[in-house]
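Worksheet: one structure, shown below.
The values are calculated or read from the model by the stated rules, or taken from the named source; none is laboratory data. No experiment lies behind these values; they were computed from the predicted model shown. Note that we place each Cβ from the backbone using ideal geometry, even for glycine, and neighbour counts take in every protein chain shown.
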Amino acid sequence: MNLYEYMGKEIFSSFGIPVPSGYVIHDVADLKPLSGSVVVKSQVLIGGRGKSGGIKFASDEAQLKEAVTGLLGTKIRGYTVSTLLIEEKINIAKEYYVSISLNRTERKPLIMASASGGVEIESVDPKEIYTRIIDPLTGYSDYIGREIVSFLGLQGEVASQFRSLLSKLYKVFKEEDCELAEINPLVLTAEGKVLAADAKVVIDSDSLYRHQKYNVTDPEKTPLELEAQGKGYSFVEMDGLIGVIANGAGLTMATLDALTLHKGNPRNFLDLGGTDSIDIVVNAFELVLKANPKAILVNIFGGVTKCDTVASGITAAKAKFNISRPIVVRLSGVREEEGREILKNNGIQAYSEMMPAIEAVVKAAGGA
């Protein structure tokens with residue numbers, strides 16, 4: 001889950017990482033008296049805000065009000081601005097880059113640092129970027145910090161501040177279950193202070209039960225996707241005609257691929273997961289029906305998810321929601337014969353193989 005900049009900075013500050021002073025507003029009425037030049041920063045979960053006009057500067061009350069009214073309610077690359085961060089303007093002497101991310105190949109944290117900050121790290125020459133895989137069993141050690149400040153050419157008090165910040169950033173990454181903790185730019189002010197001028201923090205969504213203080217609505221999700229997320233389903237809306245319910249992400253993706261191969265466009269992705277609950281099946285149907293498909297395909301390979309339980313869930317959903325649109329089912333695995341019998345008694349045919357079911361649902365939806 002991506003966090004807004006101000007949320008990332010709140011986390012940084014709680015771990016002792018210095019950030020510029022500032023406050024968050026949602027309305028012009030939330031503005032505080034101006035005590036110096038400030039930066040007005042749109043809080044949207046995308047990069048490149050400055051280039052898109054989402055960051056403005058103000059040195060007096062009139063400029064501040066103009067900047068706030070000019071940003072609130074506007075769209076930046078499709079995202080509506082409803083929150084602003086008002087922050088002191090920093091006297092920047094130098095910009096750096098530092099991040100800790102999850103290297104999925106190594107399955108370990110990766111620390112990166114560069115003297116070229118304030119730009120997209122992908123555009124920086126790899127020779128100018130310090131990278132090191134961190135062994136999670138031993139964790140971060142100060143010798144890594146010494147390597148980094150030496151690579152960046154830092155000395156004295158600035159090097160000391162930088163090493164302290166790196167140690168705290170690793171604590172953020174570890175204790176907050178981050179997939180990414182990035183500061184770009186990390187600035188050295190003209191007064192010799194090191195500050196996190198920006199914050200990009202991504203929390204592992206599977207750890208959110210440990211971090212219930214975070215409450216961020218993903219702007220990229222549709223209302224139905226958010227509803228499904230709140231109910232614990234992996235659900236993605238698409239623009240096709242065939243609703244899909246399957247168990248396991250791999251089988252669900254394979255189902256979408258098979259539908260596309262047969263010119264049957266999926267309306268959604270819904271992974272039922274490993275369950276043996278009739279209610280979970282019924283609730284899955286409710287979500288798919290809200291997407292308004294022309295036909296529904298259920299593709300189940302029974303294991304933990306038993307075929308007769310799914311069949312009972314399908315018949316319960318059909319009765320509860322008075323479903324008249326075609327339902328095509330593929331059942332294979334644990335208790336498949338019992339499941340097919342349940343469906344047969346309720347006027348629903350169940351296939352044992354996936355491809356005949358795919359062909360049947362495409363035809364039922366009016367496809368090839």
Exercise for the section: Assess whether PHE301 counts as being closer than 18 Å to GLU225 by Cβ, touching a strand residue (DSSP E or B) at 6+ places or on another chain (Cβ under 6 Å) and of a type in the set (Phe, Trp, Tyr). Expected result: no
Exercise for the section: Looking only at region 133-141, decide whether some residue is touching a helix residue (DSSP H, G or I) at 6+ places or on another chain (Cβ under 6 Å) and surrounded by fewer than 18 Cβ atoms within 10 Å (Cβ to Cβ). Expected result: no
Fill in the blank from the handout: The condition from (1) hydrophobic (A, V, I, L, M, F, W, C); (2) outside any helix (DSSP H, G or I); (3) in contact (Cβ under 8 Å) with a residue 40 or more places away in the chain that VAL236 misses is numbered (3)
Completion exercise
Condition set assigned to a helix (DSSP H, G or I) and of a type in the set (A, V, I, L, M, F, W, C), scope region 1-30, selection nearest to LEU84 (Cα to Cα): answer is VAL28
Practice task
Return a yes/no flag: does region 56-78 have any residue that is in contact with a Gly (Cβ under 8 Å, 6 or more places away or on another chain) and within 22 Å of PRO18 (Cβ to Cβ).
Solution key: no
Practice task
Please give the strands (runs of 3 or more DSSP E) falling wholly within region 268-368 in which 1 or more residues are of a type in the set (Lys, Arg) and in the same structural domain as ASP239 (by TED's automatic domain parsing).
Solution key: 327-333
Handout entry: Matching option when the condition is under 21 Å from the mean Cα position of the chain (by Cα), closer than 30 Å to GLU191 by Cα and among the β-branched types (Val, Ile, Thr), among ILE92, ILE121
Key = ILE121
Problem - Only listed residue being modelled with pLDDT under 95 and not in a strand (DSSP E or B), chosen from VAL68, VAL119 - result: VAL119
